[in-house]
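The values are calculated or read from the model by the stated rules, or taken from the named source; none is laboratory data. Computed from a predicted model, the values in this text were never measured in an experiment. No Cβ is skipped: glycine too gets one built from the backbone with ideal geometry, and neighbour counts run over all protein chains shown. Please note that ligands, DNA and RNA were not included when accessible areas were found on the heavy atoms of the full protein model with its side chains. Shrake-Rupley method; radii C 1.70, N 1.55, O 1.52, S 1.80 Å.
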Amino acid sequence: MAYYRSVGSVPPKRHTQHRTPDGGLYSEELMGEEGFSSDSSLLYHRGVPSAIVDATAWELPDQTLTENRPLKPRHLKLHSLFASQDWKSADVVTGRRLVLGNGDVRISYAVAGEASPLYRNAIGDECVYVESGEATVETVFGALSARAGDYVLLPRATTHRWLPTGEEPLRAYVIEANSHIAPPKRYLSRYGQLLENAPYCERDLHGPSEPLLAEGTDVEVLMKHRGSEGVTGTRYVYPTHPFDVVGWDGHLYPYTFNVSDFEPITGRVHQPPPVHQVFEGTNFVICNFVPRKVDYHPLAVPVPYYHSNVDSDEVMFYCGGNYEARKGSGIEQGSISLHPGGHSHGPQPGAVERSLGAEFFDELAVMIDTFRPLSLGEGGVASEDSGYAWTWAGRGPLS
């Protein structure tokens, strides 16, 4: 994180005695990244954070990945994965369906109406984009309010749960890293402050404002972690509730950022995709395309030029408005387009001509570029529109 926060009760000096009202000691926990040589926070627990009374295997939702072969562009219709009312009894954690993934990042989709179990991801940070609905995200650091358009950033190993709060389904686009997720380095000063040329600032980032204390005994927490054959899970039981932190301070904590607070960077001619970047992880970046004024050169072509992103697979999640470059392809809200590295892609036929003279695009999309090839999860296989690859040519396949 780019700035320091202090919430609740902490002692004047770190690593010193912090006593309870009855004279006992709170348990101090240092939660830190990169071998305690990067961002960290100090948390003060009423109980002992290491205490467990049971540990059993947790069988994760299907994590199978299928290679994108033959290599071709693909269109995945995520709303088709939850077409019935089953979402009413589903939650954001156990109800995830894996859509795409590789060794650096996994992309899942969930539609939920129920509270999730307590959960933490010990593999990497999670960035969850809320497509629609509302929720309270309770965490060991405190509670966050999440609404449509929010990115919810959850640091690795943060115990939390999702509580939908609205009448409509909570639709969550889940980006799970094998690393940390943070603002792009080029947006930050050498000391971590967001710079004047960044498209958002610290005022747009909303962390917990007060401690969240809960009671309970023999409390279950699901943990996703590394295994000998990839991703696996364990179900822990804690003697007391893990939400027992009376105070914390530091630079490492969960927060939300709403896409409406992203200030788009525009120009006289079409700007390259990096101007839309919002976060980055190891071997991938996250961008968002928001409603904005478009190119104002008298001969400008507002939609993207054809491009071959030779080092990356490009994943676009369409979550609002009308994406001008994809009209005529079947793309709609809830769609994903996967354009793999090595394959040139760009506007659908007719999109260039239709865009000439446009002054504003009303579109909303979340893009992930990965620097290793993506494979399809079971949710991706189940939701594919098999005709998408041929929409530029207007016919196919030949066999």
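Figures for the structure shown
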| quantity | calculated |
| --- | --- |
| Residue-averaged [θ]222 nm for the chain, counting only DSSP H segments that reach four residues, each worth -39500 (n - 2.57) | -500 deg cm²/dmol |
| Residue-by-residue Karplus 3J(HN,Hα) for the range 125-134, coefficients 6.51, -1.76, 1.60, Hz, glycine and proline x | 5, 10, 10, 10, 8, 8, 6, 7, x, 9 |
| Probe 1.4 Å, protein heavy atoms only - accessible area per residue of the chain in square angstrom | 45 |
| Low-density loop positions, chymotrypsin sites (Phe, Trp or Tyr not before Pro), the range 301-368 - DSSP coil, at most 16 other Cβ in 10 Å | Tyr305, Tyr306 |
| Phi to ³J(HN,Hα) by Karplus 6.51 cos²θ - 1.76 cosθ + 1.60 over the range 74-83, Hz, x for Gly, Pro | 9, 10, 10, 9, 5, 5, 6, 6, 9, 6 |
| Cα gyration tensor shape for the range 336-399, rounded if a/c is under 1.5, else prolate or oblate | oblate |
| Percent antiparallel among DSSP beta bridges (both partners in the chain, rounded to 5) | 95 |
| The range 265-390, relative contact order [Cα under 8 Å, separation at least 6], % | 32 |
| Listed peptides 217-223, 131-137 by packing density, highest first (mean Cβ within 10 Å) | 131-137, 217-223 |
| Rough spin-label spacing in nm, given labels placed 7 Å along Cα→Cβ, for Ser9 and Asp62 | 5.0 |
| Integer Hz, Karplus 6.51/-1.76/1.60 couplings in order for the range 341-358, x for Gly and Pro | x, x, 10, 5, 9, x, x, 5, x, x, 5, 4, 4, 5, 7, 4, x, 5 |
| Alpha-carbon Debye profile of the range 265-390, log10 I(q)/I(0) at 0.11, 0.15 Å⁻¹ | -0.38, -0.72 |
| Surface share of carbon and sulfur [accessible, 1.4 angstrom probe, percent] for the chain | 49 |
| Charge dipole magnitude, Cβ of K and R +1, D and E -1 - the range 168-273, Cα centre, debye nearest 20 | 660 |
| Residue-span extension gain [His297 to Trp390] - 0.36 nm each, minus C-alpha spacing | 30.2 nm |
| Projected label distance in nm at Ala157 and Ile52, using a 7 Å step from Cα toward the beta-carbon | 1.2 |
| Pairwise label distance in nanometres, Val269 with Gln85, each label 7 Å out on the Cα-Cβ vector | 5.6 |
| Mean projected area in nm² (Cα convex hull; one quarter of hull surface) for the range 125-186 | 4.5 |
| Burial order of peptide ranges 171-180, 200-209 (average beta-carbon count within 10 Å, highest first) | 171-180, 200-209 |
